[in-house]
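Trainee: Pasting in a structure now, in structure tokens, and then I'll have a few things to ask.
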Amino acid sequence: MRKKIVAGNWKMNKTLDEALALTSEVVNMVNDEVTRDVQVILCPPALYLTALNKYVENSPRVALGAQNCHQKASGAFTGEIAAPMLQSIGIQYVLVGHSERRQYFGETNAQLAEKVDLSLAHGLTPIFCCGESLDQRQNEDFIGFVKNQLTESLFHLTAEDFSKIVIAYEPIWAIGTGLTASSAQAQDMHAALRGHIADQYGAEVAEGTSILYGGSVSAASAEELFACPDVDGGLVGGASLKSREFTNIIKAR
Ligand code: PEP
């Protein structure tokens, strides 16, 4: 059975004190509540990862992820963070190709393929983000567009390596807008992506791949979304900044 995952992407939010408080609230709530079969991943600003590590080390159901890493292992890239650095402080997950990285930092499918390779080489699990814009949804073969994001960034991997990847489908028009995809829209895309993975790697790999939905997920929308057969949890932005709301989303998985 594939893993159920709820990940929180804090983006560029929270001071250190706020980050510590939010993490300990989430850890306590996850430990207290019945969330046994779900992996929770917190993706705070990278600056806080070392400090937060202590808060999650005794709580296997809560892990930390970085929001990004560079495509090279080291070098003259001022301000950047590399996969081996994340590995050296015990981080398990990394978001790769979030739409804000693609949009504001010009990340391409080819660069993301390099980030995926380096992350895997350093023991990190990439959470590969993909999704279409509103214009693409209205005017293009948007399912083909998202499938191609997987093809160009992931399909060079061996089946063994691909099996370590988590996919997050995040329609750009739903991120931070309050416009959640309907459960039918999410299910259609997730099923199409799973079919695309099956065509490349076979049914067993496709059935084992966790595909998360992201885009304005809230406690109110999570239950219906997560009930879809091909939706294996969520990548949550704004709602992950509030411990109670986030925990209610976790409970809906
Ligand atoms: C995200 O940034 O990955 C995200 C899904 O944000 P939000 O939940 O705020 O739409």
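The values are calculated or read from the model by the stated rules, or taken from the named source; none is laboratory data. Keep in mind that what you see is a predicted model, and the values were worked out from it rather than measured. Heads up, the Cβs are rebuilt from the backbone with ideal geometry, glycines too, and the neighbour counts pull from every protein chain shown.
Trainee: Return the total of residues in region 112-134 being surrounded by fewer than 18 Cβ atoms within 10 Å (Cβ to Cβ) and either modelled with pLDDT under 95 or within 16 Å of the ligand (Cβ to nearest atom) (or both).
Mentor: Counting residues in region 112-134 that are surrounded by fewer than 18 Cβ atoms within 10 Å (Cβ to Cβ) and either modelled with pLDDT under 95 or within 16 Å of the ligand (Cβ to nearest atom) (or both) gives 2.
Trainee: Within region 10-31, does at least one residue satisfy the condition of being modelled with pLDDT under 95, surrounded by 13 or more Cβ atoms within 10 Å (Cβ to Cβ) and assigned to a loop (DSSP other than H, G, I, E, B)?
Mentor: No, that holds for no residue.
Trainee: Of all the residues that make up region 165-191, how many are of a type in the set (D, E, K, R) and in contact with a strand residue (DSSP E or B) (Cβ under 6 Å, 6 or more places away or on another chain)?
Mentor: Initially, region 165-191 is screened for residues of a type in the set (D, E, K, R), giving 170, 188.
Of the ones still in play, those that are also in contact with a strand residue (DSSP E or B) (Cβ under 6 Å, 6 or more places away or on another chain) are 170.
Total meeting the criteria: 1.
Trainee: In addition: Of the residues that make up region 146-155, is at least one within 14 Å of the ligand (Cβ to nearest atom), buried (at least 18 other Cβ atoms within 10 Å of the Cβ) and either of a type in the set (Phe, Trp, Tyr) or within 26 Å of residue 229 (Cβ to Cβ) (or both)?
Mentor: Within region 146-155 (the criterion being within 14 Å of the ligand (Cβ to nearest atom), buried (at least 18 other Cβ atoms within 10 Å of the Cβ) and either of a type in the set (Phe, Trp, Tyr) or within 26 Å of residue 229 (Cβ to Cβ) (or both)), the answer is no, since none of the residues qualifies.
Trainee: Identify, from the list 140, 160, the residue that is surrounded by fewer than 15 Cβ atoms within 10 Å (Cβ to Cβ) and over 20 Å from the mean Cα position of the chain (by Cα).
Mentor: Matching residue, one of 140, 160: 140.
Trainee: If you don't mind, there's one more thing I want to ask. Considering each residue of region 70-101, count those that are out of contact with any helix residue (DSSP H, G or I) (no Cβ under 8 Å at 6 or more places or on another chain), under 17 Å from residue 167 (Cα atoms) and in a helix (DSSP H, G or I), and give that number.
Mentor: Here the count works out to 2.
Trainee: If only one of 225, 235 is under 13 Å from the mean Cα position of the chain (by Cα) and crowded, with 22+ Cβ neighbours inside 10 Å, which one is it?
Mentor: 235
Trainee: Same structure again: Here's a check for you: in region 174-189, which residue that is assigned to a helix (DSSP H, G or I) and surrounded by 19 or more Cβ atoms within 10 Å (Cβ to Cβ) is nearest to the ligand (Cβ to nearest atom)?
Mentor: 174
Trainee: Do you know which of the residues in region 224-253 that are of a type outside the set (A, V, I, L, M, F, W, C), farther than 17 Å from residue 170 by Cα and in a helix (DSSP H, G or I) is nearest to the ligand (Cβ to nearest atom)?
Mentor: For region 224-253, the residue satisfying everything is 245.
Trainee: Condition test on residue 207, is it within 16 Å of the ligand (Cβ to nearest atom) and assigned to a helix (DSSP H, G or I)? I'd like the intermediate steps shown before the answer.
Mentor: Values: within 16 Å of the ligand (Cβ to nearest atom): no; assigned to a helix (DSSP H, G or I): yes.
So residue 207 does not fit the description; no.
Trainee: Right, another one. Please verify whether residue 166 is within 22 Å of residue 7 (Cα to Cα), surrounded by 22 or more Cβ atoms within 10 Å (Cβ to Cβ), in contact with a Pro (Cβ under 6 Å, 6 or more places away or on another chain) and not acidic (Asp, Glu), treating the condition exactly as stated. Don't jump to the end; show me each part of the working.
Mentor: Numbers: within 22 Å of residue 7 (Cα to Cα): yes; surrounded by 22 or more Cβ atoms within 10 Å (Cβ to Cβ): yes; in contact with a Pro (Cβ under 6 Å, 6 or more places away or on another chain): no; not acidic (Asp, Glu): yes.
Here the answer is no, as residue 166 does not meet what is asked.
Trainee: Only one of (1) in contact with a Gly (Cβ under 9 Å, 6 or more places away or on another chain); (2) under 15 Å from residue 45 (Cα atoms) fails for residue 107. Which number is that?
Mentor: In the conditions (1) in contact with a Gly (Cβ under 9 Å, 6 or more places away or on another chain); (2) under 15 Å from residue 45 (Cα atoms), residue 107 misses (2) alone.
Trainee: So if I check each of 93, 104, which one is aromatic (Phe, Trp, Tyr) and closer than 26 Å to residue 179 by Cα?
Mentor: 104
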